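What follows is one structure encoded as structure tokens, with my remarks underneath.
The values are calculated or read from the model by the stated rules, or taken from the named source; none is laboratory data. Bear in mind that the values here come from a model prediction, so they are computed numbers and not experimental data. Counting neighbours? That spans all protein chains shown, and the Cβs are built from the backbone with ideal geometry, glycine included. Heads up: the accessible areas ignore ligands, DNA and RNA and are worked out on the full protein's heavy atoms, side chains in. Shrake-Rupley method; radii C 1.70, N 1.55, O 1.52, S 1.80 Å.
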Amino acid sequence: MASLAALLLLLGGCGALDLGVMNHAGPVAADQWRLYKIVAVVLIFVAGPVLLLVPLIAYHYRLDNKDDAYRPNWGFSWSLEALIWLPPIAIVAGLGVLLCDATHQLDPYRALPSKQPPLEVQVVALDWKWLFIYPDDGIATVNQLAVPVGRPVHLSLTSGTVMQSLLIPQLAGQIYAMAGMRTQLNFAADRPGVYRGLNTQFNGAGFQHQKFSVVAMPDREYRHWLTLRAADGQPFDDNVLKSLMQKSVAQRPLFFSKVPPGLFEHMMMANMQKEEAIR
Amino acid sequence: MTDPVWPMLLGRFTWDSLPFVRAWHNPTTNELIAAAAGGIVVVSGIAVLVLITVLRRWRWLWTEWLTSLDHKKIGILYIVIALVMLARALVEANLMRLQQAVAVGNPGFVAPEHFAELFSTHGSIMIFFMAMPFLTGLINYLVPLQIGARDVAFPVLNAISLWLTAAGAALMMASLVIGRFSTGGWSGYPPFTEIGFNPGVGPDYWIWAVTLGSLASTMTGINIAVTIYKMRCPGMKLMRMPLFTWTSLCTAILMIFAMPPLTVATALLALDRYLGFHFFTNALGGNMMHYANLFWMFGHPEVYIVILPAFGIYSEVVSTFSSKELYGYKSLVIATMAIAVLSFTVWLHHFFTMGQSASINAAFGIATMAIGVPTGVKIYNWIWTMFRGEVRFTTPMIYALAFMMTFVLGGLTGIILAFPPLDYIVHNTLFLVAHFHNMLIPGTLYGLLAAYTFWFPKVFGYRLDERWGRISCLCWIVGFYLAFMPLYVLGASGMARRTQAVMETAYRPWLYMAEAGALILLCAFAALIVQLWVSIRRRGANDVFVGDPWDGRALEWSVSAPPPEFNFARLPHVDQAHWFYDAKRKYAPYAPPIAYHDIWMLRNSAVAPVIGIASGAATFGLVWHMWWLAIFGLIVIFAAVVARSFVRDTHRVIPASEVARIDESWREATARAQPVPREIETSPANQGLALVRS
Ligand code: HEM
Ligand SMILES: [Cu+2]
Ligand SMILES: [Cu+2]
């Protein structure tokens, strides 16, 4: 009975991993997942000996076992010393090379190789929502990031409030957004779909609702989406800006058109001059 | 209700600052929990005061404990604070687990702000007011005994450290009753904790509690390091010191260099909040990245501050319960020192995602893996210590074995997190939470509990109940795996940490599993209390006054249990490492000294409690903007220090005859005791005299 319940629990829970990097939908997350697997295999050799030796030796040399040797004053051996120091050093040296290479390959600032120019999107982290600005198309959205499948996306991020962190588990991982500064993230989506994005840096009472969706669609649909947003989006004016700066949770995505040029830079620097925005 | 009440006197206090008033006006489960927590603090505080009064124990408490400068009593008080705070933090952890298990697709019963207070207090308490006081207490108690000294180098400073820690802990408790705690997590990152985003008292509670704790730890570090450098008994060369003393030395050095960056960080944040500076604000040139650097320049070494003493504990436990010399003593010492130095070179791995260049991330990633080598190798030292030994599965030994197998898993996920591209995906998720609990629970908590079980007979003169000890130990192990392995899965599925509610139903089974684990962990703590209760009741049967119940190796086992206030009737002369262990085999270790001498011990001093209470009051005044109280507290602190410097008559003499009387009665007991063989060392046959076989 209990084991049946446990089994059901596990089956029900396997869906969870589908929300993560295991179910990657783009080249960056795919590379990250491949790296996970490589590192995991190496690590089996690191942990394996300890996991085997601890119970074996403790059990074999238990007090009750009178057949084993007892050498209370033995406490050192150069060959054992070499055996316990050299393999870990070698493994870490090998992993170090891998790490250095992978860190440069998967640098979030590194543009993805592609024939198409990347799609520029500017991201402003707000309390408790995400503003995405498409500077080339003059539109902006809240909590929805639409991208064409296959084309690299280049995000520039800043914050209109406290520090936040943007993560799209199935596509690319995480970079901080900080007021007065610009950080960057490159990624692409391989297949159409809706992917979960979130802020992972706690920023107050609405934190748990600060999710957005990345909607990856074929190029044609994406262009259609752009024209739709330009047509039905609310014009972005000072009142919109003011209301966005308020602490609030966006129940559903919002769309804006006629976004003034330089909005991102304006929001990035806005904090620098005046005293803290919200009192 | 929200207007300040007598602002001149009570500063920012309003009636709404009281959780009871809030619960009265708005009786939701959330507010009722807050009111109940506040109520428990108030009621148990009053109960303790009444109990002491009824039992007429005030004078005893004051002269025997609160004003004592005896390192042993100070050590015990530290551990009492740690256990009280552990209970609170565990309950908070269970509330968080329950909330997350319930709040799948609905808001649950703990409001977001309250949930944020829970993870902030849980984290801050576990680090600053559970792990730190616990290990400081152990170091305080054991190091002077292990190096053959009568006290630490600066006993008054030692007492002041204790009382500053107590003041910090009291501030944490006060935040349950008056006002609210910070919502900024244990790391208190600005600008979120700046006045512009969090104008309330919460971040100020956090700032001052942590500041008191960090000052206390800096002073403890200095004290312990000087004690180990200067107070060793004749013949106790550095390379003859027990491993626990070595790791204590490394921890002390780390405290000296790692706590100041934290004190500076909180002080600068306080300047921002109180005087309108702009160190970490968004506006006017502030930059929170400086805070991140300062905090983690403390934060990473802190990890080793809390883990290294546990390594020392495991070294003593494994070698004692294998009845064998520690394997590779020298390489363990070198590895520990290497860790102490390297731990200052890796802090950036806590913010790989801040947008620095790939080369910087790679350099710190590699440094992080490098420090894993000396850390990981130590596990083999313990394995080879058991090799060709006589291993007994006593409670401390089970903790040690569970530690070795569990810690290595935490090390694996640590290597994963050291890879910047892998960290990008799981940073700030429950994967990270699982990782650091996977290091801290086996690496620190199990070590502290092993030490508690191992040295309890030394400290109180009777053994702890073995059965309840094992039950508790088993619960800590099973509970840990159930509570934290699911978090790895949740983190890899993109569940952010510090989340009050989740919308993804796929998370639910894992959250249930984690909740079950948290309950078992709570049972583990309950079993610990039962064990203490049972052991106190059976203390007669489990008496080990002779003082060496486990065939111990270091000097602390060579004196009575509990040790006399002067520790050693005559300071020992040692001529090798684990001198006592060999002395038991080669000479007569319990032979009386040729002559007894007068011993000078320190008189009690009220200066530390006065400074502690005054600093608690001053920081409470700062939190609430009761400026008069803050100024008054500071004046009292200053006056107490000045007054103490005029006290000339600081010592008292224990005459040689008294020393002889105490020592001889112990030696008689030693002569009467039946030596106990290893097979039955956990039975009442154990009178504290080990049967010696070579
Ligand atoms: C033994 C049972 C324990 C349980 C059930 C437990 C549970 C938790 C939970 C539920 C959280 C919040 C996770 C989240 O952010 O969603 C947390 C955070 C944390 N815990 Fe524990 N914990 C335990 C022991 C410890 C110990 C022994 C330590 C340290 C020595 C510790 C240190 C921390 C820290 C530093 C945080 C982070 C707080 C923050 O987010 O700022 N915990 N723990
Ligand atoms: Cu920055
Ligand atoms: Cu670290």
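So the values come out like this:
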{"item": "Selection count where residues are at the interface with chain B (Cβ under 8 Å from one of its Cβ atoms) and at pLDDT 95 or above, scope the range A:1-35", "result": "4"}
{"item": "Residue among B:511, B:522 that is open to solvent by 10 Å² or more (accessible area, probe 1.4 Å), in the same structural domain as residue B:313 (by TED's automatic domain parsing) and part of a helix (DSSP H, G or I)", "result": "B:522"}
{"item": "Pairs, first in the same structural domain as residue B:134 (by TED's automatic domain parsing) in the range B:220-243, second of a type in the set (Lys, Arg) and not in a loop (DSSP other than H, G, I, E, B), C-beta under 9 Å, six or more apart", "result": "B:232/B:240; B:239/B:330"}
{"item": "Single unsatisfied condition, residue A:160 versus (1) at pLDDT below 95; (2) away from ligand 2 (no atom under 16 Å from the Cβ); (3) of a type outside the set (S, T, N, Q); (4) open to solvent by less than 40 Å² (accessible area, probe 1.4 Å)", "result": "(2)"}
{"item": "Residue list for the range B:1-25, filter: of a type in the set (S, T, N, Q), surrounded by 11 or more Cβ atoms within 10 Å (Cβ to Cβ) and in a loop (DSSP other than H, G, I, E, B)", "result": "B:14"}
{"item": "Residue in the range A:186-208 that is in contact with a helix residue (DSSP H, G or I) (Cβ under 7 Å, 6 or more places away or on another chain), away from ligand 3 (no atom under 16 Å from the Cβ) and acidic (Asp, Glu) present", "result": "yes"}
{"item": "Residues satisfying the stated conditions in the range B:477-502, i.e. in contact (Cβ under 8 Å) with a residue 60 or more places away in the chain, of a type in the set (A, V, I, L, M, F, W, C) and either farther than 13 Å from residue B:99 by Cα or not assigned by TED's automatic domain parsing to the domain that holds residue B:397 (or both)", "result": "B:477, B:480, B:483, B:490, B:492, B:495, B:496"}
{"item": "Qualifying residue in the range B:87-97 (condition: away from chain A (no Cβ under 14 Å), open to solvent by less than 10 Å² (accessible area, probe 1.4 Å) and within 16 Å of ligand 3 (Cβ to nearest atom))", "result": "no"}
{"item": "Extreme residue, nearest to the other protein chains (Cβ to nearest Cβ), among residues of the range B:323-377 that are part of a loop (DSSP other than H, G, I, E, B) and within 16 Å of ligand 2 (Cβ to nearest atom)", "result": "B:355"}
{"item": "Candidate set: the range B:74-125, residues that are assigned to a helix (DSSP H, G or I), within 12 Å of residue B:499 (Cα to Cα) and of a type in the set (A, V, I, L, M); chosen: the one nearest to ligand 2 (Cβ to nearest atom)", "result": "B:116"}
{"item": "Selected residue (criterion: nearest to the other protein chains (Cβ to nearest Cβ)) from residues of the range A:187-210 that are surrounded by fewer than 21 Cβ atoms within 10 Å (Cβ to Cβ) and assigned to a strand (DSSP E or B)", "result": "A:196"}
{"item": "Lone unmet requirement of (1) of a type in the set (Gly, Ala, Ser); (2) outside any strand (DSSP E or B); (3) at pLDDT 95 or above for residue A:216", "result": "(2)"}
{"item": "Residue B:325, sole failed condition from (1) at pLDDT 95 or above; (2) more than 16 Å from ligand 3 (Cβ to nearest atom); (3) open to solvent by 10 Å² or more (accessible area, probe 1.4 Å)", "result": "(1)"}
{"item": "Unmet criterion (only one of (1) over 20 Å from residue B:344 (Cβ atoms); (2) in a helix (DSSP H, G or I)) for residue B:234", "result": "(2)"}
{"item": "Residues of the range A:37-90 satisfying the condition of being touching a Leu at 6+ places or on another chain (Cβ under 8 Å) and over 21 Å from residue B:405 (Cα atoms)", "result": "A:38, A:75"}
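For every residue, the table says whether it meets (1) within 16 Å of ligand 3 (Cβ to nearest atom); (2) in contact (Cβ under 8 Å) with a residue 40 or more places away in the chain; (3) open to solvent by 20 Å² or more (accessible area, probe 1.4 Å).
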| site | (1), (2), (3) |
| --- | --- |
| B:340 | yes, yes, no |
| B:353 | yes, yes, no |
| B:369 | yes, yes, no |
| B:376 | yes, no, yes |
| B:381 | no, yes, no |
| B:397 | no, yes, no |
| B:407 | yes, no, no |
| B:410 | yes, no, no |
| B:419 | yes, yes, no |
